[in-house]
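First up is the structure itself, then whatever we jot down about it.
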Amino acid sequence: CLEQEPTCPEPLKGAEAERKGGKADEGCSKANVQSESEKEWSRAQIWPITAEWNETTGQLLALLSHLTGITVLQLYRDKVSPLLPCLAIQHLYFGQKLPKVQAAGILFNKNFGQHILKNPLIIQGMVDKSALRPTDVCLEVGPGTGNMTVKLLERVKKVIACEIDPRLVAELQKRVQGTHFQSKLQIMIGDILKTDLPFFDICVANIPYQISSPLVFKLLLHRPFFRCAVLMFQREFAQRLVAKPGDKMYCRLSINTQLLARVDLLMKVGKNNFRPPPKVESSVVRIEPRNPPPPVNFKEWDGLTRIAFNRKNKTLGAAFKQSLVLDILKRNHSIFCSLMNISVPEDFDIKQTVGVVLKKGNWETRRARTMDIDDFLTLLCDFNEQKIHFS
């Protein structure tokens, strides 16, 4: 069937004639009559696969080759999914725009942040800076087509790859099938944020940028501790991770991350090193968790920094005078006193108590953007001494 001329099947000619305003042949018109069940096609099954499918395979491949620019032999050799010919029929019958098809036959889903790192030098640089050991168990989030996975398999004992897209899981399995890497690769299918992380020594990944913040804190709160993580982030996000007090990019993300880990910027990566290229520049960051962690309740810490960095250029005196903040602190104070069987005076004034704490350490005129970790730890202790908590 591959030797046939790249012409459209007769039903396609009739549909094309009707679309252009002309009259189709009687036979074509009958072929175009669809039942109600055939009209209810979905994205996964746009055109019903019938017994006549094999008879028109050659013509469909020729048509698809004309629309996508991929050769017929390549389409046939790669055993292209029936979804692609269905898209071609959808394009001609219903006049809908045909999506851009990559050379490998994979339609990358930008909703999942699928931007494949294609530069082997960048991949090798990330692997080298990870200081991998032959006995390590490595976690990779979003392996994609496996460009980095193969490099990791060469250096470590085991790779645990977490991928949400079943199409890319099949591509990754096909890449290692029949090699000595197959037994070293474990694939977890699903959302990494909703999955319980297994034990791992190190994490190396080009992650989807939309899950950057929740993934960082999921890793930092994971137990047992891992040695380090080398991750690809959007450049602005990476700059916030490493920002210092007084910097323009310094924010709650900066101080919360630096409380739990040491963060270093390793390299900058241009958008042209990805396929398809994203709209933003990228950077590689190394994160080393602090072991042991600081002796502080992270929920309380996060509550304090959330209030202080709500408007990081405002003074703490102004931030803690807001009625909503005072109501939250009063409720937390009442809950704490009830749990500890401490009586609350009838004339207790939360606003006055907060003012005493702020004046004690001259915090009223301080601004969150200029305060470091030690400053916030001291401020949290001052509040806790007055039985004021943030969680």
Does Arg235 satisfy the condition of being under 30 Å from Ile373 (Cα atoms) and touching a residue at least 40 places away in the same chain (Cβ under 8 Å)? yes
Flagged pairs (Cβ under 7 angstrom, 6 or more apart or on separate chains; first in region 123-141, assigned by the TED database to the domain that holds Lys218 and hydroxyl-bearing (Ser, Thr, Tyr); second part of a loop (DSSP other than H, G, I, E, B) and open to solvent by 10 Å² or more (accessible area, probe 1.4 Å)) are Thr135/Lys157
Please enumerate the residues belonging to region 115-144 that are buried (at least 22 other Cβ atoms within 10 Å of the Cβ) and in a loop (DSSP other than H, G, I, E, B). His115, Ser130, Gly142, Pro143, Gly144
For Glu163, state whether it is crowded, with 19+ Cβ neighbours inside 10 Å and among the acidic types (Asp, Glu). yes
Every residue in region 223-259 that is open to solvent by 20 Å² or more (accessible area, probe 1.4 Å) and in contact with a Leu (Cβ under 6 Å, 6 or more places away or on another chain), please. Arg240, Val242
Suppose we filter Phe217, Phe200 for residues that are assigned by the TED database to the domain that holds Gly125, over 20 Å from Asp374 (Cβ atoms), surrounded by fewer than 20 Cβ atoms within 10 Å (Cβ to Cβ) and not acidic (Asp, Glu); which single one remains? Phe217
Selection within region 304-356 - closer than 16 Å to Met371 by Cα, of a type outside the set (A, V, I, L, M, F, W, C) and surrounded by fewer than 18 Cβ atoms within 10 Å (Cβ to Cβ): Arg306, Asn310, Arg311, Lys312, Asn313, Lys314, Thr315, Gly317
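Just to verify a result, which residue in region 89-140, among those that are among the small types (Gly, Ala, Ser) and at pLDDT 70 or above, is farthest from the chain's Cα centre (by Cα)? Write out each step before concluding.
Taking region 89-140 as the starting set, the residues that turn out to be among the small types (Gly, Ala, Ser) are 95, 103-105, 113, 125, 130-131.
Checking the rest, the ones that are also at pLDDT 70 or above come to 113, 125, 130-131.
Details: Gly113: 6, Gly125: 21, Ser130: 20, Ala131: 24 Å.
Among them, the one singled out is Ala131.
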Within region 170-186, restricting to residues that are of a type in the set (A, V, I, L, M) and surrounded by 18 or more Cβ atoms within 10 Å (Cβ to Cβ), the one that is nearest to the chain's Cα centre (by Cα) is Leu172
Candidates Val285, Val296, Val269 - the one that is out of contact with any His (no Cβ under 6 Å at 6 or more places or on another chain) and modelled with pLDDT under 95: Val296
Which one is surrounded by the most Cβ atoms within 10 Å (Cβ to Cβ) among residues in region 260-300 that are closer than 23 Å to Leu132 by Cβ and of a type in the set (D, E, K, R)? Arg286
Between a first residue in region 353-373 that is over 22 Å from Arg331 (Cβ atoms) and assigned to a helix (DSSP H, G or I) and a second residue that is open to solvent by less than 70 Å² (accessible area, probe 1.4 Å) and hydrophobic (A, V, I, L, M, F, W, C), which pairs have beta carbons less than 6 Å apart while being 6 or more apart in sequence or on different chains? Ala368/Ala308; Ala368/Phe309; Ile373/Leu259
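The values are calculated or read from the model by the stated rules, or taken from the named source; none is laboratory data. All of these numbers come straight from a predicted model, not from anything done at the bench. Counting neighbours? That spans all protein chains shown, and the Cβs are built from the backbone with ideal geometry, glycine included. Protein only, heavy atoms only, side chains kept; ligands, DNA and RNA dropped before computing areas. Shrake-Rupley method; radii C 1.70, N 1.55, O 1.52, S 1.80 Å.
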